[in-house]
Amino acid sequence: MERAIALKRMYTQKEVSRLIGVSEGQIRYWDKIGLVPATEKRDGRLWFDFKSLIAFRTVKDLRAKGVTTKKIIKCIRQLKVRMPQTGQPLTELKISIVGDDIIVGKDNQRFTSDGQILLNFEKQEIRPAPAALVTLTTDLDGDLFFQALEHEDNAQWKLAEKKYEDLIDEDPEHTDAFVNLGNLRFRAGDLEMAENCYRRALCIDPDHVEANFNLANMFDDRGEPENAMLFYIKALYEDPEFPDAHCNLGMVLEKLGNLSAAREHWLIYLEIEPDGRMSKFLRARLEEE
């Protein structure tokens, strides 16, 4: 069976909440109003890509500077009119704040949130006394974790590993850095180091969903279904709608002779992911019994 220890390309709202530091309710609201729309919506779950993470971080920073959600949305709408070629404005543009207004720019043009054009992008003097000009950066300078994610997004595995290692040197309790580094080392075939990363993450945060899930997978691969079961159960306790955990726990329960419980988890997987990567296989297994 194909293992779900995988390098991430998409993030659930729960993962975004943990990585960015905003509530799941806030994430759902920002998606609903089109501020940071979900990249995909599957079976009631929201999924976001790497650029969405940067957009969430930008919105969080803007709100921390006192800019209202209404003002941010107004600015994005103006940009879509004036710069229709721009994809996700919150990740592609230079953003500054003057008082409670947003100034955004790209390609030697600047606009206010009302759509007013400011000429001479590099030289334009903005003097909205007494407020000062505050520039927010949407690049990743100084943020090792997001630099590492960007390297992963570009399949630059070695560079991503190095960034995670540097981050852990700076912050030995960064759980997500340990988990993602474990994923990279698992991908490279270094299972011992991958397991060590997951265990270190769980020492810091025993409730980390992905660390529990991936460690369970490693136990299962080593022929230790009892240990695998415990960590799958823990992952599902923290995230009851984690489809791959339901699928894999079912497989382990089947190995342990508890087919009825296995079927329950496979059915839950199919409810959550009726068209998921394991759906066809699990339907066939259920029909066999």
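The values are calculated or read from the model by the stated rules, or taken from the named source; none is laboratory data. Note that the structure is predicted; figures quoted are calculated from it, not measured. Note that each Cβ is placed from the backbone with ideal geometry, even for glycine, and that neighbours are counted across all protein chains shown.
Observations
- Just one residue in the set Leu149, Leu140 is on the phi < 0 side of the Ramachandran plot, in a helix (DSSP H, G or I), at pLDDT below 90 and touching a Phe, Trp or Tyr at 6+ places or on another chain (Cβ under 8 Å); that residue is Leu149.
- Among residues of the range 58-71 that are closer than 14 Å to Ile27 by Cβ, those with a Cβ under 6 angstrom from a residue that is modelled with pLDDT of 80 or more and assigned to a loop (DSSP other than H, G, I, E, B), sequence gap 6+ or separate chain, pair up as Lys60/Val22.
- Among residues of the range 193-216 that are under 23 Å from Cys247 (Cβ atoms), those with a Cβ under 6 angstrom from a residue that is among the acidic types (Asp, Glu), sequence gap 6+ or separate chain, pair up as Asp207/Glu238; Val209/Glu238; Val209/Asp239.
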